Amino acid sequence: MYVNAWLKQPTTAWPGRYPSGGPLPQVIDIWRAGAPSIDFIAPDIYFDEFDRICKEYTRSGNPLFIPETFGGGIGAARALYVFGEYDAGCFAPFGIDNERYIANDPLDECYATLKQLSPLILRHQGKGSMRGILLNAETPERELEFGGYRIKAVLSNGNGESTEGGILINTGEDEFFAAGKGIDIFFSLEGSPFRPGINSVDEGIFKDGIWTPLRRLNGDETHASTWSGTGIRLPRDTYGIQKISIYKYR
């Protein structure tokens, strides 16, 4: 059993204009203490402070479950992000049967990618071996420590107006899967006498949970040259899955 949280909005930020008795961030700890039979508290998220709300609703061991949120391109980017960064149990965009979403909705391709990845995601859920990436015009770059590397993600589209998301899964020593679009990902080592190099980058698909490489990427298809760094290029216009193997050298 869960309780849905209707969050206050900028235009309805005072009690009486939103359900102010609900499990809002400022009283979530009271709800969890006073209603121990509730399994989790689930926020609807319809505004820009998306990451802040996700952090609020993963405090005190509350699992992230989003029963209502934006769809479209923003929703697609956020879906990849929450499954990687927060081990989310649900991401359910509202109104996907609306006429404006029926044709060419980015959610279609994103969810097809997530369907391929779902066995891998479920194996790694809760193990600290996944990270999410969410970039937009306000945050076109992000750095994180993951899998023994310093990782820098950069929004790769030219105008910087879109919101793009991705997921990184560390499947072994010096081995990662990356999925998403419109993002360049660089790997570096800090405080080490070694430097990372790209051993291989394979573009492919999962079929019935089995990885099938389709194309080996080299040269300008990756960031393998010394002047641009060591990393990969996720496609700009379509969702893709890549398997990355890295080696270290002096």
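The values are calculated or read from the model by the stated rules, or taken from the named source; none is laboratory data. Not measured: the values here are computed from a predicted model. Reconstructed Cβ throughout: ideal geometry from the backbone, glycine too, with neighbour counts over all protein chains shown. Surface accessibility is based on the protein's heavy atoms, side chains included, excluding ligands, DNA and RNA. Shrake-Rupley method; radii C 1.70, N 1.55, O 1.52, S 1.80 Å.
For the pair Glu138 and Thr11, how long in nm is the line joining their label points, each one 7 Å along Cα→Cβ?
Distance between label points: 1.8 nm.
Taking the simple approach of a point 7 Å from Cα along Cα-to-Cβ for both Ser188 and Ile210, what is their distance in nm?
4.1
With 23 Å as the limit, write out which pairs from Lys152/Lys248; Lys127/Lys243; Lys55/Lys243; Lys181/Lys243; Lys207/Lys248 have Cα-Cα distances beyond it, or answer none. Before the final figure, lay out each step's value.
Details: Lys152/Lys248 18 Å; Lys127/Lys243 19 Å; Lys55/Lys243 29 Å; Lys181/Lys243 14 Å; Lys207/Lys248 31 Å.
From the list (Lys152/Lys248; Lys127/Lys243; Lys55/Lys243; Lys181/Lys243; Lys207/Lys248), the Cα-Cα distance tops 23 Å for Lys55/Lys243; Lys207/Lys248.
So what is the relative contact order for the chain, in percent, with contacts set as C-alpha pairs under 8 Å and at least six apart?
On the way: 502 pairs, mean separation 35.9, N = 250.
Taking the mean separation of contacting Cα pairs over the length of the chain, I get 14 percent.
Between Ser200 and Arg59, what is 0.36 nm times their sequence separation minus the Cα-Cα distance? Round to one decimal in nm. Could you put the intermediate results ahead of the total?
Numbers: separation 141, 0.36 × 141 = 50.76 nm, distance 3.83 nm.
The Ser200-Arg59 span can extend by a further 46.9 nm.
Could you tell me the convex hull volume per residue, in Å³, taken over the Cα atoms of region 5-131?
Values: hull volume 15.6 nm³, N = 127.
Taking only Cα atoms, region 5-131 has a hull volume of 123 Å³ per residue.
Take the Cβ-Cβ distance between Arg52 and Ser245 as r, set R0 to 35 Å, and report the resulting FRET efficiency rounded to the nearest 0.05.
On the way: r = 35 Å, r/R0 = 1.01.
Computed FRET efficiency for Arg52 and Ser245 comes out at 0.50.
Please work out how much length the chain gains when fully extended from Glu173 to Ala92, using 0.36 nm per residue of separation minus the C-alpha to C-alpha distance, in nm with one decimal. Write out the running numbers ahead of the final one.
Values: separation 81, 0.36 × 81 = 29.16 nm, distance 3.33 nm.
Difference between extended and current length: 25.8 nm.
Go ahead and set up a Gaussian network model of the chain, Cα springs under 10 Å, then flag whichever of Gly71, Gly182, Gly22 fluctuates most.
Ranking Gly71, Gly182, Gly22 by mean-square fluctuation puts Gly22 first.
Sticking to Cα atoms, compute the Rg of region 154-250 to one decimal and its Dmax as the biggest Cα-Cα distance, whole number, in Å.
13.6, 41
Please give, to one decimal in nm, the separation of the simple spin-label points placed at Lys152 and Ser20, each 7 Å out from Cα toward the Cβ.
4.7
On the accessible surface of the chain, probed at 1.4 Å, how many percent belong to carbon and sulfur atoms?
Numbers: 6590 of 12790 Å².
Percent of accessible area from carbon and sulfur atoms in the chain: 52.
Just to confirm, what accessible area per residue do you get for region 48-103 at 1.4 Å probe, in whole Å²?
Value for region 48-103: 46 Å² per residue.
Roughly what % of DSSP beta bridges within the chain run antiparallel, to the nearest 5?
Values: 52 of 60 bridges.
Rounded to the nearest five, the antiparallel share is 85 percent.
What do the square roots of 5 times the Cα gyration tensor eigenvalues come to for the chain, in whole Å, largest first, as semi-axes of the equivalent ellipsoid?
Values: eigenvalues 236, 79, 60 Å².
For the chain, the semi-axes come out at 34, 20, 17 Å.
With all protein chains present, calculate the accessible area of Met1 using a 1.4 Å probe and round the result to the nearest 10 Å².
Near enough 150 Å² of accessible area.
Using a 1.4 angstrom probe, figure out how much accessible area region 140-250 has per residue, in square angstrom, rounded to the nearest whole. Write down the numbers at each step before the final one.
Values: 5540 Å² over 111 residues.
I get 50 Å² per residue for this part.
Given H placed 1.01 Å from N in the peptide plane, which residues other than close sequence neighbours of Ile183 have an amide H under 5 Å from its amide H?
Here the answer is Ser156, Leu234, since their amide H atoms fall under 5 Å of that of Ile183.
Can you tell me the length gained on complete extension of the stretch Arg236 to Asp29, counting 0.36 nm per residue apart and subtracting the Cα distance?
Working: separation 207, 0.36 × 207 = 74.52 nm, distance 4.12 nm.
That pair, Arg236 and Asp29, stretches by 70.4 nm at full extension.
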